[in-house]
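Input: a single structure, listed below in structure tokens.
The values are calculated or read from the model by the stated rules, or taken from the named source; none is laboratory data. Small disclaimer: the values here were computed from a predicted structure and weren't measured. Note that each Cβ is placed from the backbone with ideal geometry, even for glycine, and that neighbours are counted across all protein chains shown.
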């Protein structure tokens, strides 16, 4: 990851052909820390504001990020974390602080490890309690069941079945 950097070199040159990246007006700044246990952490500032926009942790040294933190909702906080629990290179859980108050407001999960995110849990009014749960129990990529707390009293009061096959009350 950091094989191009030689800390013992006498000089560090900037290429004469340096041209800023047109998307941000400069090249991204990336720092890689490689640890003696084989793990590594890569931190990148894409927009040049001095704050990390992306942090990736390779916990087992296989070259794939096991945990990635990103800035998805503006501001300077790393507000979204994607975690690969089973090492297949795909996110098994994504945690997000959508309003940057420091609390997780949205969790999306691949509960059956097929590579498709099939459950979403959200705190839509940011009171710290789950308000909506959307699920795809049959794995077809479409939300089949939504459970909601529409009056925000902490008790689910609405269930919507979008797929008759997963609706226990539907007549087939």
Evaluate the following for residue 151: is it more than 27 Å from the chain's Cα centre (by Cα), more than 22 Å from residue 113 (Cα to Cα), part of a loop (DSSP other than H, G, I, E, B) and at pLDDT 90 or above?
yes
Only one of 127, 136, 140, 114 is within 15 Å of residue 84 (Cα to Cα), at pLDDT below 95 and out of contact with any helix residue (DSSP H, G or I) (no Cβ under 7 Å at 6 or more places or on another chain), namely 114
Only one of (1) surrounded by fewer than 18 Cβ atoms within 10 Å (Cβ to Cβ); (2) closer than 24 Å to residue 149 by Cβ; (3) at pLDDT 90 or above does not apply to residue 30, and that is (2)
_Here is a check on your reading of the model: is residue 156 assigned to a loop (DSSP other than H, G, I, E, B) and closer than 22 Å to residue 84 by Cα?_
no
All-but-one check, residue 36 against (1) within 21 Å of residue 77 (Cβ to Cβ); (2) at pLDDT 85 or above; (3) assigned to a loop (DSSP other than H, G, I, E, B), failing number (1)
Within segment 138-148, of all residues that are at negative phi and in a loop (DSSP other than H, G, I, E, B), the one surrounded by the fewest Cβ atoms within 10 Å (Cβ to Cβ) is 142
For this session: Might you check whether a residue that is more than 18 Å from residue 55 (Cα to Cα), modelled with pLDDT of 90 or more and under 18 Å from the mean Cα position of the chain (by Cα) occurs anywhere in segment 92-105?
Result: yes
Expected output for segment 38-66 (first residue in contact (Cβ under 8 Å) with a residue 40 or more places away in the chain, partner surrounded by fewer than 18 Cβ atoms within 10 Å (Cβ to Cβ) and in a strand (DSSP E or B), Cβ below 6 Å, 6+ apart or cross-chain) is 42/32
Sole miss for residue 17 among (1) within 20 Å of residue 70 (Cα to Cα); (2) modelled with pLDDT under 90 is condition (1)
Looking across segment 44-89 at residues that are buried (at least 17 other Cβ atoms within 10 Å of the Cβ) and farther than 23 Å from residue 110 by Cα, the single one that is nearest to the chain's Cα centre (by Cα) is 53
